[in-house]
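The structure under discussion appears below in the form of structure tokens.
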Amino acid sequence: MAAKKKPSVETSTRSSTAMSSTAMPASRVADLLRVLQLAIPEPYCELDHDSPFQLLIATILSAQSTDKIVNSVTPALFAKWPTPAMLAAAPRQEVEQAVHKTGFFRNKAKAIQECSLLLCERHGGAVPKSMEELTALPGVARKTANVVLGTAHRIALGIATDTHVMRVSQRLGLTAATKPEPIEQDLCRQVPQEEWTDGGHRILLHGRYVCLAKNPQCEQCPLAELCPSREAEPAGSVAERAERERRVVESRGGKS
């Protein structure tokens with residue numbers, strides 16, 4: 001029996017629209033995106049990379065790790081094995097040692113080498129530009145594919161939904177879901193597709209630096225007036241809080 005084809009986010013989103021109770025007025029979503037754009041005018045992916053291949057490998061390594069740790073190991077990794085062919089052919093033990101700090105190093109070394117091998121065998125060493133082809137690679141699930149497609153190729157097929165995006169979306173009332181895929185569906189249904197990549201980065205960065213898991217900085221949050229979950233009254237104007245967030249994000253968490 002042939003396997004059933006998994007529906008895309010767009011298909012799943014359309015079929016769930018009538019059932020969802022999380023939809024908010026388009027004007028409020030627009031206000032949220034406008035303030036986030038004011039606070040984070042130049043959104044970016046915090047995984048350092050110089051090519052789609054480097055971003056793909058870095059994103060695989062970021063699972064159960066932090067971007068800071070990944071960024072500390074990838075310069076040496078890519079200096080030693082700069083191409084998919086070279087990484088695929090590297091001694092496994094050396095690759096394990098190179099990625100050890102990221103955690104689960106044996107599984108990750110295996111994944112990035114097998115991924116590199118398939119890039120060579122199936123795609124001529126290039127990173128593919130479709131969700132289906134990317135998620136067929138070892139170590140690549142939908143979130144990783146969304147990061148690579150949106151950031152490296154500027155192809156918006158979804159919103160990369162990590163723990164920061166999940167938390168912020170829930171607190172803002174954009175979703176009542178608790179798992180990545182339905183949260184992504186709720187976001188894609190409400191956020192214009194042209195905002196899926198940059199808007200997704202903005203939500204993630206806002207969660208990383210302001211809407212923290214513990215002790216969220218509600219007093220300094222430029223979205224406070226729009227947030228049903230705020231725990232404190234905002235201080236100063238929206239513009240002042242947005243400027244503070246801009247400085248924090250641009251300095252990657254440095255002093256504001």
Quiz item: Hey, any hits in the stretch 11-19 for a residue that's of a type in the set (D, E, K, R), more than 14 Å from residue 201 (Cα to Cα) and at pLDDT below 95?
Solution: yes
Exercise. Among the residues of the stretch 152-180, write down those that are in contact (Cβ under 8 Å) with a residue 60 or more places away in the chain and either within 21 Å of residue 55 (Cβ to Cβ) or not small (Gly, Ala, Ser) (or both).
Key: 152, 153, 157, 158, 172, 174, 175
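Across the stretch 97-110, which residue is nearest to residue 163 (Cα to Cα) among those that are out of contact with any Ser or Thr (no Cβ under 7 Å at 6 or more places or on another chain) and surrounded by fewer than 17 Cβ atoms within 10 Å (Cβ to Cβ)?
First, the residues of the stretch 97-110 that are out of contact with any Ser or Thr (no Cβ under 7 Å at 6 or more places or on another chain): 97-100, 104-107, 109-110.
Cutting the leftovers down to surrounded by fewer than 17 Cβ atoms within 10 Å (Cβ to Cβ) gives us 97, 100, 104, 106-107, 110.
Working: 97: 27, 100: 23, 104: 19, 106: 24, 107: 21, 110: 25 Å.
Ranking the candidates gives 104 first.
When the residues of the stretch 48-68 are filtered to those that are aliphatic (A, V, I, L, M) and in contact (Cβ under 8 Å) with a residue 40 or more places away in the chain, which remaining residue is surrounded by the fewest Cβ atoms within 10 Å (Cβ to Cβ)?
Within the stretch 48-68, the subset aliphatic (A, V, I, L, M) is 55-58, 60-61, 63.
Narrowing further to those that are in contact (Cβ under 8 Å) with a residue 40 or more places away in the chain: 55-57, 60-61, 63.
On the way: 55: 22, 56: 28, 57: 31, 60: 23, 61: 29, 63: 18.
Here the answer is 63.
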Quiz item: residue 149 versus (1) buried (at least 17 other Cβ atoms within 10 Å of the Cβ); (2) in contact (Cβ under 8 Å) with a residue 40 or more places away in the chain: which is the lone unmet condition?
Solution: (2)
Quiz item: Can you name the residue in the stretch 170-194 that is under 15 Å from the mean Cα position of the chain (by Cα), surrounded by fewer than 22 Cβ atoms within 10 Å (Cβ to Cβ) and among the charged types (D, E, K, R) and is also nearest to residue 144 (Cα to Cα) among such residues?
Solution: 181
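Of all residues being surrounded by fewer than 17 Cβ atoms within 10 Å (Cβ to Cβ) and in contact (Cβ under 8 Å) with a residue 12 or more places away in the chain in the stretch 69-85, which is nearest to residue 162 (Cα to Cα)? Just the residue, please.
Of the stretch 69-85, the ones surrounded by fewer than 17 Cβ atoms within 10 Å (Cβ to Cβ) are 69, 72, 75-76, 79-80, 82-83, 85.
Right, trim to in contact (Cβ under 8 Å) with a residue 12 or more places away in the chain and you get 69, 72, 75-76, 80, 83, 85.
Numbers: 69: 17, 72: 21, 75: 24, 76: 26, 80: 30, 83: 27, 85: 30 Å.
In this case the residue turns out to be 69.
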Quiz item: Taking the stretch 205-221, which residues are within 19 Å of residue 28 (Cα to Cα) and either in contact with an Asp or Glu (Cβ under 6 Å, 6 or more places away or on another chain) or of a type in the set (A, V, I, L, M, F, W, C) (or both)?
Solution: 211, 218, 221
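The values are calculated or read from the model by the stated rules, or taken from the named source; none is laboratory data. All values derive from a computational prediction rather than experimental measurement. Here the Cβ is made from the backbone with ideal geometry for all residues, glycine too, and neighbour counts use every protein chain on show.
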